[in-house]
Amino acid sequence: MEANRLEAIFKPQSVAVIGASTVPGKLGHDILANLIRAGFEGLIYPVNPKAEEILALPAFKQISDTPSPPELAVIVIPAKAVPNALEQCGQAGVKAAIVITGGFAEAGSEGEQLQQQLTDIARRYGLRVLGPNCQGVNHPYHQLCASWPLLTTKGRIALVSQSGTVGAALMDWANQEKLGVSTFVSLGNRADVDEADVIQYLNQDDHTQVIALYVEGVKRPVYFLDALAEATKPLVILKAGRTEKGRQAAESHTKSLAGVDAVYDAIFRKYRVHRADSLEELYDYAKGLAYLPKPKGRRLLNISSSGGAAILAIDQAEKLGFTVPEPSPALKDQLASFLPAHCMIGNPVDLTGDVISDAELYKKVIDAAQAEYDTMVIIFGDPIPRASQIVTPGAAELVVFLGGADIERQEVPLIQGQGIPVFPTPERGVKALHQFFRFESAPPAMPAPTLPPAGLQLLPASEAAQLLARYGIPAAAAPLATSAEEAVQVAESFGFPVALKIASPDLPHKSDVGGVRLNLGNAEEVNYAYQDILATVHLNARKAQIDGVTVSPMAKPGGLEVIIGMNCDPQYGPILMFGLGGIFTEIYRDVQFSLLSNQEEDYRQMIRGITGYPLLAGARGQRPKDEEALIQVLKGVARLAQSHPEFDQIDLNPVLVYERGVFVVDVRIFSCIK
């Protein structure tokens with residue numbers, strides 16, 4: 001059904017309220033009152049068989065008695081009477097109806113039959129029906145409030161909800177923040193008009209910049225996908241019913257399939273829908289996309305009166321792929337020329353509590369720094385008088401206000417009255433800003449050899465392997481070979497196949513520079529691999545010290561790769577780490593941490609705490625791996641760390657875990673430089 005056929009719902013020239021009441025507090029009275037108070041400019045017809053006049057408007061006994069057929073009928077009468085009233089609307093030439101009344105499909109089989117009657121009547125007369133069991137429509141740009149509460153502020157966000165209460169909560173937030181809405185639509189049970197219809201209509205609405213939806217289930221999947229595909233405006237969707245119990249509750253509530261959550265993830269990803277995980281995110285994402293300008297890039301400068309709030313902003317920003325570079329030396333000098341000496345000049349620029357008495361410091365920093373950054377993150381972290389005079393509508397500024405008490409409550413409406421969104425926490429603001437980049441990949445970092453951490457030196461691989469053996473940890477021997485001939489001799493002493501790895505104190509990540517060759521099956525392959533490794537590493541890491549290569553026997557196949565490590569925390573000392581291993585450790589980050597312990601149960605919980613533990617336990621018919629052997633390796637690493645306080649990091653990766661036993665394939669140990 002074409003989107004323009006919804007005009008009678010959103011932009012009617014006349015409205016009838018069937019069930020209009022003379023009693024304040026009843027929906028029939030309050031909806032009629034809201035239509036009047038919203039300033040609706042068309043004709044309004046109260047329909048009530050017992051009243052002569054309601055709210056100074058003449059009342060009519062039935063819809064056919066009105067002087068001309070209203071384009072829209074709002075129905076607020078008992079459920080069993082609704083089908084007859086809708087039939088009369090169709091006969092009278094009414095174009096659309098909003099059925100507020102509940103007691104239909106959500107109420108059981110009898111209600112389902114009543115709702116089907118509504119659907120049949122709508123199709124028979126070509127009548128568009130919103131609801132039943134809904135909270136109506138509020139369209140401020142048409143002065144139409146066939147809903148509650150009354151909101152007349154015109155905004156840029158269209159709010160669409162299958163739940164009246166959820167929609168009302170979003171409306172309340174928009175009202176409190178003086179941002180308003182372009183439209184509010186409560187879909188209810190969707191006997192006729194559904195989410196696909198409304199998305200298509202709002203996508204063509206000149207006043208709507210962002211469409212935000214709360215969805216529990218989808219009525220017509222094919223049409224829904226078509227609506228997503230055709231949408232040119234940002235769509236933000238909170239899809240409820242993600243868990244099994246939640247899905248069952250959603251299906252009971254909406255009487256439509258809630259669907260498998262992973263499928264919706266795929267759909268939203270394909271059609272670039274901004275998926276929200278909470279009501280706050282739904283509101284924040286829509287607010288950001290509607291009112292923030294799209295940043296030119298990802299460089300943020302945090303300007304704050306609160307160091308703590310700025311740290312929270314930086315943490316969230318880096319998680320989401322933003323950069324927070326330091327100001328250039330020239331900019332630092334410029335800022336130092338007018339900021340108090342005790343202000344921290346960096347990223348963040350911490351203005352301290354001085355700005356309470358001199359808010360212009362914010363403006364001075366913004367003006368000086370805007371050429372170097374894409375977005376200014378302005379954090380008012382104290383009661384900042386005149387904050388509303390600091391920010392600029394349409395500027396590349398993300399505004400956060402918290403900890404401001406009464407001053408904050410005064411200033412935030414003044415800021416948002418200028419069309420500038422304000423966020424109550426740094427995290428919420430940064431996540432909203434990130435929506436502009438949600439479907440863009442972060443610029444890839446240029447690959448470079450990973451150097452040992454400053455102040456640390458890498459133990460030679462042969463020494464590290466011998467050290468593990470002394471602590472009962474089975475590891476691959478790794479003797480050093482300084483020539484191709486020596487490498488062949490060592491390989492022959494082990495027996496083929498073998499592995500060759502570059503030996504360099506400057507290159508802890510050997511594979512990053514092409515310094516690893518595996519499964520070498522004869523002397524000729526070893527000879528060639530030795531020379532190839534040296535040539536490749538010299539090309540990729542010209543300044544690295546090269547000592548030769550290490551030669552190790554290949555581990556037997558069939559083991560599961562895990563990582564075991566130790567990092568020395570500056571406050572708490574050695575911390576053990578366990579997780580899935582191999583070259584993807586830093587990608588998946590499926591790891592658990594533990595303080596050193598004498599209790600095997602602590603290590604067992606750490607092993608079983610990773611997401612990938614079913615792989616160790618024997619998922620999908622596989623035999624379980626040797627958990628007890630893993631515990632012994634963890635205990636051995638703990639003893640090694642306790643005995644060598646000079647060791648800052650121990651990295652066993654990968655460790656192959658078999659049905660019986662484990663084997664450490666590669667080890668790196670960093671010690672502090674004395």
Starting from region 1-51, pick out the GluC sites (Glu not before Pro) whose DSSP state is loop and whose Cβ has at most 13 other Cβ atoms within 10 Å. Glu2, Glu41
Over the chain, what portion of Cα pair distances is larger than 47 Å, expressed as a whole percent? 41 percent
Rounded to the nearest 0.05, FRET efficiency between Leu518 and Arg608 (Cβ-Cβ, R0 30 Å) equals 0.45
Going from most exposed to least, what order do His274, His207 have by accessible area with a 1.4 Å probe? His207, His274
Identify the trypsin sites (Lys or Arg not before Pro) of region 1-82 meeting these criteria: DSSP loop state and at most 16 other C-beta atoms within 10 Å of the C-beta. Lys26, Lys50, Lys61
List, in the order given, every pair from Lys270/Lys431; Lys294/Lys319; Lys319/Lys635; Lys233/Lys296; Lys510/Lys543 whose Cα-Cα distance in the structure shown is over 25 Å. Lys319/Lys635
Taking the DSSP beta bridges in region 51-130 as the whole, what percent of them are antiparallel, to the nearest 5? 20 percent
Expressed in square angstrom to the nearest 10, the accessible area of Ile314 with a 1.4 Å probe stands at 30 Å²
Short version: ³J(HN,Hα) in whole Hz for each residue of region 528-536, in order, from phi by Karplus 6.51 cos²θ - 1.76 cosθ + 1.60 (θ = phi - 60°), x for Gly and Pro, what are they? 5, 4, 4, 5, 5, 4, 4, 5, 5
Ignoring ligands and nucleic acids, Ser441 exposes an accessible area, probe 1.4 Å, in Å² to the nearest 10, of 110 Å²
Among 396-402, 611-617, the order from most to least packed when residues are scored by Cβ within 10 Å on average: 396-402, 611-617
Can you list the aspartates and glutamates whose alpha carbon sits under 20 Å from that of Lys625, skipping same-chain ones fewer than 8 residues off? Glu561, Asp590, Glu600, Glu601, Asp602, Glu659, Asp666
Could you tell me, in Å, what Rg and Dmax come out for the Cα atoms of region 317-414? 13.4, 38
Which lysines does Lys26 reach when only Cα atoms under 22 Å apart count, and residues fewer than 8 places away in its own chain are ignored? Lys50, Lys61, Lys80
Given the rule -39500 (n - 2.57) for each run of at least 4 DSSP H residues, summed and divided by the residues of the chain, what is its mean residue ellipticity at 222 nm, to the nearest 500 deg cm²/dmol? -10500 deg cm²/dmol
With the cut-off at 1.5 for a/c, could you classify region 458-509 from its C-alpha gyration tensor as rounded, prolate or oblate? oblate
Could you state the accessible area per residue of region 103-148 in Å², with a 1.4 Å probe and every protein chain left in place? 36 Å²
Once you charge only the Cβ atoms, +1 for Lys and Arg and -1 for Asp and Glu, what is the size of the charge dipole of the chain about its Cα centre, to the nearest 20 debye? 1140 debye
What is the helix-to-structure angle for 261-270, meaning the angle in degrees between its Cα long axis and the longest Cα principal axis of the chain, kept from 0 to 90 and rounded to the nearest 10? 90 degrees
Along the charge dipole of the chain, Cβ charges K/R +1 and D/E -1, which of Pro574, Asn522, Ile390 sits furthest on the positive end? Ile390
Scaled by the rule-of-thumb 2.2 N^0.38 Å, the alpha carbon Rg for region 521-561 gives a ratio of 1.49
Using the alpha-carbon atoms, what tilt in degrees (0 to 90, nearest 10) does helix 461-470 show relative to the longest principal axis of the chain? 90 degrees
Computed FRET efficiency, Cβ-Cβ of Arg5 and Asp406, R0 56 Å: what is it to the nearest 0.05? 0.65
Checking region 566-674 for chymotrypsin sites (Phe, Trp or Tyr not before Pro) in a loop per DSSP with at most 14 other beta-carbon atoms within 10 Å yields Tyr572
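The values are calculated or read from the model by the stated rules, or taken from the named source; none is laboratory data. The shown structure was predicted, so the numbers you read here are calculated from the model rather than taken from an experiment. Here the Cβ is made from the backbone with ideal geometry for all residues, glycine too, and neighbour counts use every protein chain on show. Just so you know, the surface numbers come from the protein's heavy atoms only, side chains and all, with ligands and any DNA or RNA stripped out. Shrake-Rupley method; radii C 1.70, N 1.55, O 1.52, S 1.80 Å.
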